[in-house]
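S.K.: Sharing a structure below in structure tokens format, with a few things to ask.
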Amino acid sequence: MTTVHNIAQGVRSFTSNAFLIEGDRTVLVDAGNEFDAVDRIESVTDDLDALVLTHTHPDHVGNVASVVDAFDVDVWGFDPDHELVDHAIADGETVAIGDGDYRALHTPGHKDDHLCFYSTDDGLLFAGDLVFANGGFGRTDLEEGDRPTLIESIDYLQKEVGNALSAMYVGHGPAVETNPAHHIELAGQAARMGQ
């Protein structure tokens, strides 16, 4: 059973969620911003194997330097040219997170380097800022944001995960542990409104 800790839980600052997944390969998915991520990781484990980024907006990467310094880990993300990314993850590539294998899905529209991570075996999705609970979806009014591209990415995500999803961990707000596929469908509908 995969254990997921949101180390940003309860933080009242400009931050994303940051998910610590324990297992054979203990991984932090997004580092958050403006809180002591190192202290919160150390309250769970002394061991961190990698830091994986859904994308490089400041609220997701503000704590990267302190986490890298404390745990001497490499950072994985879509864009190897970004100063914080040590290793590239391509669309469709498999990434070991916790005890599972996750397929990386390149899902731009909110930001060009956006990735989602989906485990078929566990039925788990790390959705970053592509989709949220109750049909929410990522902003497209920031640099690199594009609504038609975001809609294509939501459609791609929906096709890849189907109805087999058991939980969706999102960049902001609560995790979705009841019928997450429906929340993705709602996000696609909402994103199409007002185009």
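S.K.: Given the structure, is Ala65 of a type in the set (A, V, I, L, M) and in contact with a strand residue (DSSP E or B) (Cβ under 6 Å, 6 or more places away or on another chain)?
M.R.: Judged against the criteria, Ala65 is not a match.
S.K.: Only one of these is under 24 Å from Gly123 (Cβ atoms), at pLDDT below 95 and of a type in the set (A, V, I, L, M, F, W, C): Val4, Val27. Name it.
M.R.: Result of the check over Val4, Val27: Val4.
S.K.: Still on this model: Would a scan of region 12-28 turn up a residue that is closer than 17 Å to Gly171 by Cβ and of a type in the set (Lys, Arg)?
M.R.: Taking region 12-28 as the starting set, the residues that turn out to be closer than 17 Å to Gly171 by Cβ are 12-21, 27-28.
Checking the rest, the ones that are also of a type in the set (Lys, Arg) come to 12.
Checked against the condition, which is being closer than 17 Å to Gly171 by Cβ and of a type in the set (Lys, Arg), region 12-28 yields at least one hit.
S.K.: Collect the residues in region 7-23 that are at pLDDT below 95 and either more than 23 Å from Glu177 (Cβ to Cβ) or polar (S, T, N, Q) (or both), keeping them in residue-number order.
M.R.: Across region 7-23, the qualifying residues are Gln9, Arg12, Ser13, Phe14, Thr15.
S.K.: Can you list the strands (runs of 3 or more DSSP E) lying wholly within region 1-85 that have 1 or more residues being touching a Gly at 6+ places or on another chain (Cβ under 6 Å)?
M.R.: Because the criterion is at least 1 residues that are touching a Gly at 6+ places or on another chain (Cβ under 6 Å), the strands (runs of 3 or more DSSP E) in region 1-85 that meet it are 19-22.
S.K.: Also: Just for region 87-123: of the residues that are over 12 Å from the mean Cα position of the chain (by Cα) and within 17 Å of Pro58 (Cα to Cα), which one is surrounded by the fewest Cβ atoms within 10 Å (Cβ to Cβ)?
M.R.: Asp112
S.K.: When region 134-152 is examined, which residues are found to be more than 14 Å from the chain's Cα centre (by Cα) and of a type in the set (Gly, Ala, Ser)?
M.R.: Within region 134-152, Gly135, Gly136, Gly145 qualify.
S.K.: Moving to a separate point now. Here are the criteria: (1) without any contact (Cβ under 8 Å) to a residue 40 or more places away in the chain; (2) out of contact with any His (no Cβ under 6 Å at 6 or more places or on another chain); (3) at negative phi. Tell me which single one Gly10 does not satisfy.
M.R.: Going through (1) without any contact (Cβ under 8 Å) to a residue 40 or more places away in the chain; (2) out of contact with any His (no Cβ under 6 Å at 6 or more places or on another chain); (3) at negative phi one by one, Gly10 breaks only (3).
S.K.: Moving on. Looking at region 48-86, which of the residues that are of a type in the set (Ser, Thr, Tyr) and surrounded by fewer than 23 Cβ atoms within 10 Å (Cβ to Cβ) is nearest to the chain's Cα centre (by Cα)?
M.R.: My answer is Thr56.
S.K.: Here is a check on your reading of the model: is Gly32 crowded, with 17+ Cβ neighbours inside 10 Å, over 19 Å from Thr3 (Cβ atoms) and of a type in the set (Gly, Ala, Ser)?
M.R.: no
The values are calculated or read from the model by the stated rules, or taken from the named source; none is laboratory data. What you are looking at is a predicted structure, and each value in this text was computed from that prediction instead of being measured. Using ideal geometry, Cβ is built from the backbone for each residue, glycine included, and neighbour counts are taken over all protein chains shown.
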